[in-house]
Amino acid sequence: MYLVTKAYNGLIIGLAIVAGLMLALIFVGIVADVAIRTVGYNALQWYSAIAEYCLLFSAMLGAPWLVRLKGHVVVESLTMTMPPTMRLLMAKFVYLVCIVLSLLFVWYGWREMMISWNGNEWDIRSIDMPKWILFVPFPLGFGLTAVEFSRYLFGFDSYYAGKVGESESL
Amino acid sequence: MEILTEWYSIAGFLVGMVILFMLLGIPVAFAFLIANIVGALVFMGDGTIIGGLQTAMPQIVVNAVESVSIFALIPVPLFIIMGELFFHTGLAVRVFDALDKCFGRLPGRLSYITVAGGTIFATLSGSTMANTAMMGSLMVPEMTNRGYKRHMSMGPILGTGGLAMIIPPSALAVLLASLAEIDIGKLLIAGVLPGLVLAILYSVLIYVQVKVDPEAAPEYSVSGHTVGEMIKSVIVNVLPMGFVVFCVIGLIILGIATPTEAAGFGALGVLILAIVYRVLTWDIVVKSFAGSLRVTAMVLLIILASSTFSQLLAFTGASAGLIEWATEVQLAPLVMLLIMFGVLLVLGMFMDQVSMMLLTVPIFFPLATTLQFDLIWFGLVMLLALEISLTTPPFGLLLFVMMGVAPEGTTLWQVAKAAAPYIGCALIVLVLLIVFPGLATYLPSLMVE
């Protein structure tokens with residue numbers, strides 16, 4: 001069990017690291033693209049498509065890690081006024097809703113991926129990519145998000161800070 | 001659903017669902033997801049849950065994929081990386097130290113330093129929350145030690161914290177322009193003059209407050225600095241920041257770089273400065289990218305989750321109905337503008353800025369087009385409303401950021417009271433924008449295409 005937990009934690013952190021590296025790739029890529037154009041060579045044709053894919057992948061691969069960090073924005077103004085038992089029940093209900101929603105996206109994300117795979121569909125951007133790649137992060141990201149929320153559902157830790165204004169934003 | 005036939009009942013149902021789910025404590029991204037699914041089941045399905053899901057879900061998944069894999073959103077993570085690097089490397093503290101040397105024995109000097117430092121931060125960081133937390137933790141303890149009253153210490157921080165939303169680089173402005181499908185570069189540049197006017201108004205306010213009550217910001221002995229020392233400090237610690245500001249604002253105005261390229265060069269500029277100052281470490285790079293991922297993923301997931309919302313409003317006829325109503329009632333455009341402004345302020349009392357935008361942009365921008373508003377100007381007015389709503393009680397996010405760094409025993413009411421005159425300044429800028437729209441549209445008109 002210990003090894004499974006360790007491997008699972010490694011997976012969540014590992015995916016977050018990949019997501020962070022994708023942000024770094026977006027950053028390095030844009031600078032390289034402009035630098036290459038400035039010295040007279042052709043622009044990196046693949047860059048815009050890869051950067052767009054990186055945005056999607058960084059959000060989805062970082063999603064389970066975000067749940068672990070309690071990084072999703074939540075509004076606690078109403079739930080805070082509830083009595084503790086009611087608040088706990090409400091929190092468990094919310095985790096359940098998030099798990100069901102995540103599993104729906106796992107299923108339909110997988111389905112769309114298989115439809116694109118079987119139909120040999122292509123995503124036409126600055127470079128053409130097999131369309132199924134776009135749907136890969138859905139079953140993976142939402143699947144692990146469901147697992148993370150189930151840790152709150154069946155465990156003792158709470159997703160909620162217990163005070164308003166704890167959420168981050170821009 | 002017999003009752004859901006009129007545009008207002010449909011719009012109320014859809015918007016109400018999102019707000020209700022948020023209030024129940026469902027994470028914002030998931031509140032949008034469930035509202036989209038329920039909305040699609042009600043309006044697009046065949047009456048059965050399974051049938052409705054089979055029809056709606058593939059579309060929701062495809063919309064989600066397409067909503068965040070777009071090039072227009074690239075500046076969002078880049079501006080966030082820029083701000084994270086700026087704060088983690090300690091470059092922000094250098095700016096404050098330099099300003100501290102320059103302000104001499106001016107009454108209320110720490111409040112002025114906050115406004116000046118906050119305005120410089122706003123040109124270097126795209127995150128309001130990070131700016132406020134940074135200034136709060138730096139300046140509040142110092143001002144408390146010097147006997148500054150709460151409204152003189154917390155007010156300027158709350159006011160200038162919000163400037164990051166208006167003055168470029170602003171991740172929120174990029175998001176707004178991308179959602180509303182308006183020129184990102186123009187909206188970014190449109191914020192420069194109103195942002196500076198707001199900073200000047202804040203300084204005037206501090207001057208008046210110190211004049212009325214000199215005890216609110218007691219004078220204290222400041223170690224003297226020669227003019228040479230001041231100039232040297234500014235040249236070493238503040239002037240190089242101008243290079244980063246030029247990378248973002250200058251390159252966009254001159255038409256040399258797109259907003260995305262400018263964002264990349266802004267982040268590179270901060271990185272170069274950190275290397276030059278020898279403050280860049282591997283640990284700081286990791287921290288900065290982890291912080292950037294956290295905020296970027298959170299924002300992108302909300303966008304991804306809400307992607308079907310605007311389509312539902314359009315598909316059900318709610319958007320068209322609202323526009324038809326707005327045309328028929330013949331309310332003055334100014335009244336409509338104030339209504340929209342008011343709605344944003346109310347939403348801001350309990351909602352974060354990204355959610356507010358995603359909820360209102362699909363409704364407000366078609367309306368603004370019908371009312372023949374300049375959309376860049378309207379975008380800026382919306383940003384101003386978002387900025388104000390950050391400090392409106394009971395749940396304005398900045399109030400709570402400030403509570404986290406304020407001296408023990410500070411109440412929310414005291415923080416809100418300190419912010420009130422600064423909200424007044426923002427409202428003056430709103431009036432100025434209405435009377436002189438050029439304040440927002442002049443700089444964008446100079447931009448080289």
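For this structure, a couple of remarks:
- The B and A chains share an interface that buries close to 5700 Å² of accessible area, total over both sides, probe 1.4 Å.
- For segment A:57-124, accessible area per residue (1.4 Å probe, heavy atoms of protein chains only), Å²: 48
- Note: relative contact order over segment B:76-232, using C-alpha pairs below 8 Å and six or more positions apart, is 30 percent.
- In Hz, Karplus ³J(HN,Hα) per residue of segment B:375-386 (6.51, -1.76, 1.60; θ = phi - 60°; x = Gly, Pro): 5, 5, 4, 5, x, 5, 4, 5, 4, 4, 4, 5
- Angle in degrees between helix B:171-180 and the longest Cα principal axis of chain B, rounded to the nearest 10: 30
- With all protein chains in place and a 1.4 Å probe, the accessible surface of segment B:309-388 carries 69 percent carbon and sulfur.
- Distance between the C-alpha centres of segment B:1-49 and segment B:398-449: 33 Å, rounded to the whole angstrom.
- Drop in accessible area of at least 40 Å² in the complex versus isolated chain, residues of segment A:74-88, 1.4 Å probe: A:75, A:77, A:78
- Reciprocal of mean inverse Cα separation for segment B:47-205 (Kirkwood radius, Å): 17.5
- For segment B:274-279, putting each phi into the Karplus relation 6.51 cos²θ - 1.76 cosθ + 1.60 with θ = phi - 60° gives couplings of 4, 5, 4, 7, 6, 10 Hz, in residue order, rounded to whole numbers and with x for Gly and Pro.
- Protein-protein interface of segment B:292-322, residues with accessible area decrease of at least 20 Å², isolated chain reference, 1.4 Å probe: B:293, B:294, B:295, B:297, B:298, B:300, B:301, B:304
- Contact residues in segment A:1-38 (at least 30 Å² less accessible area with all protein chains than alone, 1.4 Å probe): A:23, A:26, A:27, A:30, A:31, A:34.
- Considering only alpha-carbon pairs that sit under 8 angstrom and 6 or more positions apart, the relative contact order computed for segment B:124-189 is 37 percent.
- Total lysine pairs whose alpha carbons fall under 24 Å of each other in the protein assembly as shown (8 or more apart, or interchain): 13
- Applying the Kirkwood pairwise sum to the alpha-carbon positions of segment B:1-111 produces a hydrodynamic radius of 18.7 angstrom.
- Helical contribution to [θ] at 222 nm, DSSP H n ≥ 4, -39,500 (n - 2.57), averaged over chain B, rounded to 500: -24000 deg cm²/dmol
- Calculated on the Cα set of segment B:368-449, radius of gyration then Dmax: 16.5, 53 Å.
- Between 0 and 90°, nearest 10: helix A:2-38 axis offset from chain A longest Cα axis: 40
- Within the accessible surface of chain A, defined with a 1.4 Å probe on protein heavy atoms only, the carbon and sulfur portion equals 71 percent.
- Whole-number accessible area per residue in Å² for chain B, which is evaluated in the context of all protein chains at 1.4 Å: 36
- Amide H contacts of residue A:123 (H built 1.01 Å from N, in plane; Pro and chain starts excluded): A:129, A:131 sit under 5 Å, all sequence-distant by 5 or more or on other chains.
- When the inverse distances between all different Cα atoms of segment B:97-188 are averaged and flipped, the Kirkwood radius reads 13.9 angstrom.
- For residue A:44, no residue 5 or more places off, or on another chain, has a built amide H under 5 Å of its own.
- Loop exposure criterion: trypsin sites (Lys or Arg not before Pro), DSSP state outside H, G, I, E and B, at most 13 other Cβ atoms within 10 Å. Applied to chain B, the longest stretch between such sites is B:106-277.
The values are calculated or read from the model by the stated rules, or taken from the named source; none is laboratory data. Keep in mind that this is a model prediction, so the values were computed, not measured. Glycine also receives a Cβ, built like all others from the backbone with ideal geometry; neighbour counts cover every protein chain displayed. Side chains included, ligands, DNA and RNA excluded: accessible areas come from the protein's heavy atoms. Shrake-Rupley method; radii C 1.70, N 1.55, O 1.52, S 1.80 Å.
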